[in-house]
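Scroll down for the structure; my scribbles are underneath it.
What follows draws every value from the coordinates through simple rules; no lab data is involved. Just so you know, these numbers come straight off a predicted model, no measurement behind them.
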Amino acid sequence: MLSHPLLPKLKELRLSGMLSSLEERAELAREQKLSPVEFLAILVDDELERRHQKRQARMERQAGFESLRLLSQFDFAVVPTLDRSLVLEMATCNFILAKENWLIVGPTGVGKSHLATAIGYEAIKRGLKVLSFPTHHLLAQLHAGRADGSFARLLQKVASVDLLILDDFGLRPINEQGVEDLYEVIHRRYERGSIILTSNRSPSEWSEVFGDALLASAALDRLTHHSRVTIITGESYRQRQRRKEVKPPKESTQTE
């Protein structure tokens, strides 16, 4: 196909992807006796689908997900306290369109990060812009941005996406500058964009994470307004897997 006579013309029109299915579609048109317009419609549909897939892949890379976690891979059976109908409702991403937040709380290993990432993928499938960070990573990047001049650009980027995922909030201590930056992120996104926040600390402990009582009150007031709080209980998935993998040795049946 690299030497196909249509290649330079399709490149000029930015339609070179059509070559990948041109011969296959031409054969289909001959077999089914499609009209020229029907044949062209199929090629255009192929091109639109290719562009959609490329755009989605690009948005997934830009989102910064640490790993691929889909809702179809989530095992609801191991977290019976989780309301499955609520999760499926959140997967419609209507809460993002309404500029609402989802706060997911529970011990380590119960699937909080999996859920957050899965909803992020659902949002991207709907053409919504997503950014995902472990909370301490975002604060570290904002801190570094003050030194290299990228702070304002990163803050604007974080503030403007449709969905911001802040994972593992409260897992690590936050210094004074980090507290101010986190407040600024929450403040800028208030009623302008959605946040999914995961934490293994009870909401009653969140003010301790901020340290500054005034900033804590202002930030949490904005974070919890227009939000849903889901508390997951249960045992760590990783610990359950570890017990399955570590099998006790079989007792010897030999006699001495």
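Work the Kirkwood hydrodynamic radius out for segment 18-62: mean of 1/r over every pair of different alpha-carbon atoms, inverted, in Å. Let's see the in-between values first.
Details: mean 1/r = 0.0873 Å⁻¹.
One decimal place: 11.5 Å for the Kirkwood radius.
Give me the number: length gained by fully extending F151 to A218, i.e. 0.36 nm times residue separation minus the C-alpha to C-alpha distance, one decimal in nm.
Length difference between fully extended and current span is 21.9 nm.
Within the chain, count lysine pairs with alpha carbon atoms under 22 angstrom apart where the residues are 8 or more positions apart or belong to different chains.
14
Helix hunt in the chain: which complete DSSP H runs extend at least 30 Å axially by C-alpha with mean Kyte-Doolittle at least 0.0?
Details: long enough: 36-63 (40 Å, -1.01).
Counting only whole DSSP H runs, no helix qualifies.
Just the Kirkwood number for the chain, please: inverse of mean 1/r across all distinct Cα pairs, in Å, one decimal. Don't skip to the answer; put the middle values down first.
Numbers: mean 1/r = 0.0463 Å⁻¹.
Every distinct Cα pair counted, the radius reaches 21.6 Å.
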